[in-house]
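J.: Just dropping this structure here.
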Amino acid sequence: MTLINSLQDTVTLHNGIKMPIFGLGVYKVDDGKTVVESVKTAINHGYRSIDTASFYDNEIGVGQAIKESDIAREDIFVTSKVWNDEQGYESTLQAFERSLKKLDLEYLDLYLIHWPIKDTYKETWRALEKLYTDGRVRAIGVSNFNVNQLQDLLADCNIKPVINQVEFHPHLTQVELRNLCKQENIQLEAWSPLKRGRLLEEPTILKIAKQYQKSAAQVILRWDLQSQVITIPKSITKERIIENADIFDFSLTDEDMESINQLNRNDRSGKDPAIYE
Ligand SMILES: NC(=O)c1ccc[n+]([C@@H]2O[C@H](COP(=O)([O-])OP(=O)(O)OC[C@H]3O[C@@H](n4cnc5c(N)ncnc54)[C@H](OP(=O)(O)O)[C@@H]3O)[C@@H](O)[C@H]2O)c1
């Protein structure tokens, strides 16, 4: 990730595919009007990447919004994920078809294993490899794989994941996992970058925000990008969707970056993937 000058900057994944460094997450966004409006607002304000999942139950609305936008399908990067009870070889192939049908798309840009379900993730991965070699998806990756799970998969796969999408924010900086991903050329992507809104009163972040006349959310999202991590904040609020993307007119100094790094306390808002080991 070199350029971080605009919302539409991309990172080149290890298979050569370009993925926007910034996108909209739609977890817990109701299908129908809410998700359609949120995605359309985001696209109208320059977002070019949408992160959904079969578990979010809003793929229909995401697809509708993409169709109703003025942007060509190939200019929008669409991610979905296979859910835990859909895992296994055949059932993943079927889950992929269901997602594609709901999204009403001909291909996905990125398909991820949502969680590393112990007895099935290798079979699930083989299904993703097939979907990739068959040209149904432009890139395949994982989500919520910790160091052990990622090493286990890497030791036994034909195609290496391009992405690991994990919980990542100033209270959970994933140092060991980031090092492994860097070494393996696997791009890290942050979910819950704002810790679901629970980091917005953090004094260190507020102090930095004041210096740049930015919001706490904007400082955190800028920190993600300067940390070489793709970020996908969720919002259904028009002003926040716009605010979150307005992070390309300032740069954090090395000192700012370090003070935010120091906030790490290995504290999660979601499940610890180790429960699946
Ligand atoms: N792979 C996985 O297992 C996994 C797990 C969780 C999430 N994700 C992905 O990551 C995305 C983001 O994570 P997330 O949705 O958990 O949490 P998040 O993006 O950290 O936070 C979203 C929350 O913050 C609020 N918010 C957003 N921008 C704000 C701003 N500028 N000021 C104040 N509040 C703001 C939102 O409120 P409003 O919407 O009301 O504006 C919402 O309540 C998800 O939507 C999903 O796509 C993936």
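J.: Any residue in region 55-68 that is among the polar types (S, T, N, Q) sitting within a Cβ distance under 9 Å of a residue that is buried (at least 20 other Cβ atoms within 10 Å of the Cβ) and not in a helix (DSSP H, G or I)? List the pairs, counting only those 6 or more apart or interchain.
T.: Close Cβ pairs (under 9 Å, with a partner that is buried (at least 20 other Cβ atoms within 10 Å of the Cβ) and not in a helix (DSSP H, G or I)) amount to N58/V26; N58/V29; N58/T52.
J.: Looking at region 123-177, which of its residues are aromatic (F, W, Y) and surrounded by fewer than 21 Cβ atoms within 10 Å (Cβ to Cβ)? Talk me through it step by step, then tell me what you get.
T.: Here is the first cut: in region 123-177, the ones aromatic (F, W, Y) are 125, 132, 145, 168.
Answer for region 123-177, where residues must be aromatic (F, W, Y) and surrounded by fewer than 21 Cβ atoms within 10 Å (Cβ to Cβ): just Y132.
J.: Given the conditions (1) surrounded by fewer than 13 Cβ atoms within 10 Å (Cβ to Cβ); (2) within 15 Å of the ligand (Cβ to nearest atom), report the number of the one that D249 does not fulfil.
T.: Among (1) surrounded by fewer than 13 Cβ atoms within 10 Å (Cβ to Cβ); (2) within 15 Å of the ligand (Cβ to nearest atom), the lone unmet condition for D249 is (2).
J.: What do you reckon, is D267 of a type outside the set (S, T, Y), open to solvent by 30 Å² or more (accessible area, probe 1.4 Å) and either more than 10 Å from the ligand (Cβ to nearest atom) or closer than 22 Å to G23 by Cα (or both)?
T.: On the way: of a type outside the set (S, T, Y): yes; open to solvent by 30 Å² or more (accessible area, probe 1.4 Å): yes; either more than 10 Å from the ligand (Cβ to nearest atom) or closer than 22 Å to G23 by Cα (or both): yes.
For D267, the condition - of a type outside the set (S, T, Y), open to solvent by 30 Å² or more (accessible area, probe 1.4 Å) and either more than 10 Å from the ligand (Cβ to nearest atom) or closer than 22 Å to G23 by Cα (or both) - is met.
J.: Restricting to region 196-236, what's the tally of residues that are within 17 Å of G25 (Cβ to Cβ) and near the ligand (Cβ under 10 Å from one of its atoms)?
T.: Residues flagged as within 17 Å of G25 (Cβ to Cβ) and near the ligand (Cβ under 10 Å from one of its atoms) within region 196-236 amount to 15.
J.: Further question: Considering only region 123-230, give the helices (runs of 4 or more DSSP H) lying wholly within it that have at least 2 residues that are in contact (Cβ under 8 Å) with a residue 40 or more places away in the chain and more than 18 Å from the chain's Cα centre (by Cα).
T.: 147-154, 203-212
J.: Just checking, which of E258, E243, E239 is assigned to a helix (DSSP H, G or I), within 12 Å of the ligand (Cβ to nearest atom), open to solvent by 40 Å² or more (accessible area, probe 1.4 Å) and under 15 Å from I205 (Cβ atoms)?
T.: Details: E258 fails: within 12 Å of the ligand (Cβ to nearest atom); E239 fails: under 15 Å from I205 (Cβ atoms).
Just a single option satisfies the conditions, and that option is E243.
J.: OK, next. Filter region 261-274 for residues that are of a type in the set (A, V, I, L, M, F, W, C) and either assigned to a loop (DSSP other than H, G, I, E, B) or modelled with pLDDT under 95 (or both) and give the result.
T.: Pass one, region 261-274, residues of a type in the set (A, V, I, L, M, F, W, C): 263, 274.
L263 - this is the single residue of region 261-274 that is of a type in the set (A, V, I, L, M, F, W, C) and either assigned to a loop (DSSP other than H, G, I, E, B) or modelled with pLDDT under 95 (or both).
J.: For residues in region 103-122 being assigned to a loop (DSSP other than H, G, I, E, B) and crowded, with 17+ Cβ neighbours inside 10 Å, which is farthest from the chain's Cα centre (by Cα)? Full working, then the answer.
T.: Taking region 103-122 as the starting set, the residues that turn out to be assigned to a loop (DSSP other than H, G, I, E, B) are 104-107, 114-120.
Okay, now just the ones that are also crowded, with 17+ Cβ neighbours inside 10 Å, so 105, 114-117, 120.
Values: L105: 19, H114: 11, W115: 13, P116: 16, I117: 19, T120: 22 Å.
Looking at residues that are assigned to a loop (DSSP other than H, G, I, E, B) and crowded, with 17+ Cβ neighbours inside 10 Å, I get T120.
J.: Find all pairs meeting these conditions: Cβ atoms under 6 angstrom apart; at least six residues apart or on different chains; first residue within region 89-100 and free of Cβ contacts under 8 Å to residues at least 60 places away in the same chain; second residue surrounded by fewer than 22 Cβ atoms within 10 Å (Cβ to Cβ) and outside any helix (DSSP H, G or I).
T.: Pairs found: none.
The values are calculated or read from the model by the stated rules, or taken from the named source; none is laboratory data. Remember, predicted model here, so these are calculated numbers, not experimental data. All Cβ positions, even for glycine, are placed from backbone atoms using ideal geometry, and neighbour counts span all protein chains on display. Only protein heavy atoms, including side chains, enter the accessible area calculation; ligands, DNA and RNA are left aside. Shrake-Rupley method; radii C 1.70, N 1.55, O 1.52, S 1.80 Å.
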